[in-house]
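The values are calculated or read from the model by the stated rules, or taken from the named source; none is laboratory data. Please read all numbers here as calculations on a predicted model, not as lab measurements. Virtual Cβ from ideal backbone geometry, glycine too; neighbours counted across all protein chains shown.
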Amino acid sequence: MSSVKIIRSATVPESLNTFCRGLLKELQEEDGYEIVAVSSPDVELEELAQREGVRTVAVAMERHISPLKDLKSLSRLIRVFRKEKPQMVHSMTPKAGLLSMMAAWFTRVPVRVHTFTGLVFPTATGLTQKILMFTDRITCACATHIVPEGEGVKKDLIKYKITKKPLKVLGYGNVRGIDLDHYNPELPEVKNAAAKIRKDDICTFIFVGRLVGDKGINELVEAFVRLNEEFPSTRLVLVGPEERTLDPLKPGTLAKIASCGSIEAVGSQKDVRPWLTAADVFVFPSYREGFPNVVIEAGAMCLPSIVTDINGSREIIIEGRNGLIIPPKDEELLYQAMKRLLVKPAERTSMATEARPLVSSRYEQAYVRRCLKEYYKEILSNKK
């Protein structure tokens with residue numbers, strides 16, 4: 001396989017760092033592929049090159065619709081693909097998927113793979129939804145192979161008639177996998193750090209992610225404030241950055257976060273493991289996801305989860321076994337679920353006991369990567 005060149009592309013290098021950390025190096029050094037990473041210029045792209053030991057090519061790509069800049073990016077990608085002559089281009093994230101698949105089609109790259117890690121259009125409306133569906137249809141039309149991250153994403157692609165091409169879900173759906181040696185609550189350094197965060201005799205609920213509206217933070221804060229008034233020995237920890245321009249939280253929500261002494265917004269954390277270990281229940285009331293790795297991470301750290309009935313989350317959580325599933329945007333049922341796990345500690349403990357084994361059986365990183373490698377061999381051999 002030493003002569004097979006694969007280009008992995010994403011709109012921003014943060015996505016490659018998140019989904020492909022360690023994978024690119026493994027594909028090149030252990031599996032013999034020549035890997036080239038393509039993404040927008042950023043210091044993270046340089047860090048990726050050094051860490052993974054792969055070549056990188058910077059191509060500026062806008063995350064949002066920008067016709068003139070998108071045409072310029074497409075032209076640049078076409079030049080890169082003509083020069084590199086890869087046997088495969090594998091893209092992820094919406095804009096990189098659209099532009100990379102088009103450029104790969106124009107340059108006749110034999111194998112063109114796009115992974116849908118999530119879909120935006122199902123929750124969009126009006127003209128915006130139509131534009132998003134149109135661009136996803138173009139991506140699929142130009143791709144030779146389409147990988148939905150999970151059965152939920154697959155069903156939406158079929159339901160909205162985005163493509164008639166075969167859709168391949170790898171393994172149990174998740175395309176990243178989790179390093180269970182790293183996400184282990186029994187590690188001494190994790191336990192020691194968690195001991196400084198944990199508050200005894202207080203039930204701690206935790207959220208990890210961006211503090212924005214479509215993550216369900218407005219409903220979460222409202223539900224918790226009500227719960228905290230009834231049960232003062234409760235705490236809500238919000239781990240993640242607040243975005244003030246893109247889907248910001250309601251002013252009332254921000255006011256309650258600031259005024260409620262039992263809510264702690266601790267911002268972004270380099271290591272979320274101690275925070276998860278110091279908590280009792282993970283809450284993730286998002287409106288939409290592809291396949292949320294943070295729910296897998298919480299399970300690996302032995303936390304029961306309360307999630308919404310959306311793609312990805314409903315595949316990770318088995319109702320009543322390792323967590324609870326509620327409808328999105330339902331503040332009342334979110335409150336009831338949080339109250340249930342608060343007042344029924346035995347049920348909470350039972351779910352916590354199930355959480356890590358379920359993650360281990362489905363999403364262990366070596367298994368997820370093995371599924372991808374077998375898929376690569378299959379589709380590349382079919383093109384010989």
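Observations
- Selection over the range 215-238 of residues that are surrounded by 18 or more Cβ atoms within 10 Å (Cβ to Cβ) and of a type in the set (D, E, K, R) gives a count of 4.
- Residues satisfying the stated conditions in the range 300-327, i.e. within 16 Å of Y287 (Cα to Cα), touching a Pro at 6+ places or on another chain (Cβ under 7 Å) and either part of a loop (DSSP other than H, G, I, E, B) or of a type in the set (A, V, I, L, M) (or both): D309, I310, G312
- Qualifying residues in the range 65-112 (those that are under 16 Å from H145 (Cα atoms) and of a type in the set (S, T, Y)) - the one surrounded by the most Cβ atoms within 10 Å (Cβ to Cβ): S100
- Of all residues assigned to the range 176-189, none qualifies as being at pLDDT 95 or above and in contact with a Pro (Cβ under 6 Å, 6 or more places away or on another chain).
- The range 282-295, residues that are buried (at least 24 other Cβ atoms within 10 Å of the Cβ) and assigned to a helix (DSSP H, G or I): V295
- Candidates V239, V208 - the one that is free of Cβ contacts under 8 Å to residues at least 60 places away in the same chain, out of contact with any His (no Cβ under 8 Å at 6 or more places or on another chain) and not assigned by TED's automatic domain parsing to the domain that holds M101: V239
- Long-range neighbours under 8 Å by Cβ, at least six apart or interchain, first residue assigned by TED's automatic domain parsing to the domain that holds F19 within the range 39-54, second small (G, A, S) and in a helix (DSSP H, G or I): S39/S15; S39/A96
- Inspection of the range 270-281 identifies no residue that is in contact with a helix residue (DSSP H, G or I) (Cβ under 8 Å, 6 or more places away or on another chain), more than 30 Å from S360 (Cβ to Cβ), of a type outside the set (F, W, Y) and buried (at least 18 other Cβ atoms within 10 Å of the Cβ).
- For Q365, the conditions (1) out of contact with any Asp or Glu (no Cβ under 9 Å at 6 or more places or on another chain); (2) in contact (Cβ under 8 Å) with a residue 60 or more places away in the chain are fulfilled apart from (1).
- Boolean, S262 is touching a strand residue (DSSP E or B) at 6+ places or on another chain (Cβ under 7 Å), closer than 18 Å to E219 by Cα, among the polar types (S, T, N, Q) and surrounded by fewer than 23 Cβ atoms within 10 Å (Cβ to Cβ): yes
- Residue list for the range 5-25, restricted to those being buried (at least 17 other Cβ atoms within 10 Å of the Cβ) and outside any strand (DSSP E or B): A10, T11, V12, P13, S15, L16, N17, F19, C20, L23, L24
- Checked against (1) within 28 Å of F19 (Cβ to Cβ); (2) in contact (Cβ under 8 Å) with a residue 60 or more places away in the chain, S313 passes all but a single condition, namely (2).
Results for (1) within 25 Å of E374 (Cβ to Cβ); (2) outside the structural domain of R137 (by TED's automatic domain parsing); (3) not aliphatic (A, V, I, L, M), shown as yes or no for each residue.
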site	(1), (2), (3)
V12	no, no, no
L16	yes, no, no
L23	yes, no, no
E30	yes, no, yes
T56	no, no, yes
R76	no, no, yes
H114	yes, no, yes
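- Residue match in the range 285-295 (condition: among the basic types (K, R) and at pLDDT 95 or above): no
- Answer residue from the range 333-361, given it is under 15 Å from G216 (Cβ atoms) and in contact (Cβ under 8 Å) with a residue 40 or more places away in the chain and is surrounded by the fewest Cβ atoms within 10 Å (Cβ to Cβ) among those: Y335
- Selection count, the range 242-262, where residues are free of Cβ contacts under 8 Å to residues at least 24 places away in the same chain and either within 20 Å of A278 (Cα to Cα) or outside the structural domain of V208 (by TED's automatic domain parsing) (or both): 1
- Filter result (of a type in the set (K, R) and either in contact with a helix residue (DSSP H, G or I) (Cβ under 6 Å, 6 or more places away or on another chain) or part of a helix (DSSP H, G or I) (or both)) within the range 34-62: R51
- Residue identified as among the aliphatic types (A, V, I, L, M) and farther than 22 Å from V190 by Cβ among V272, V359, V343: V343
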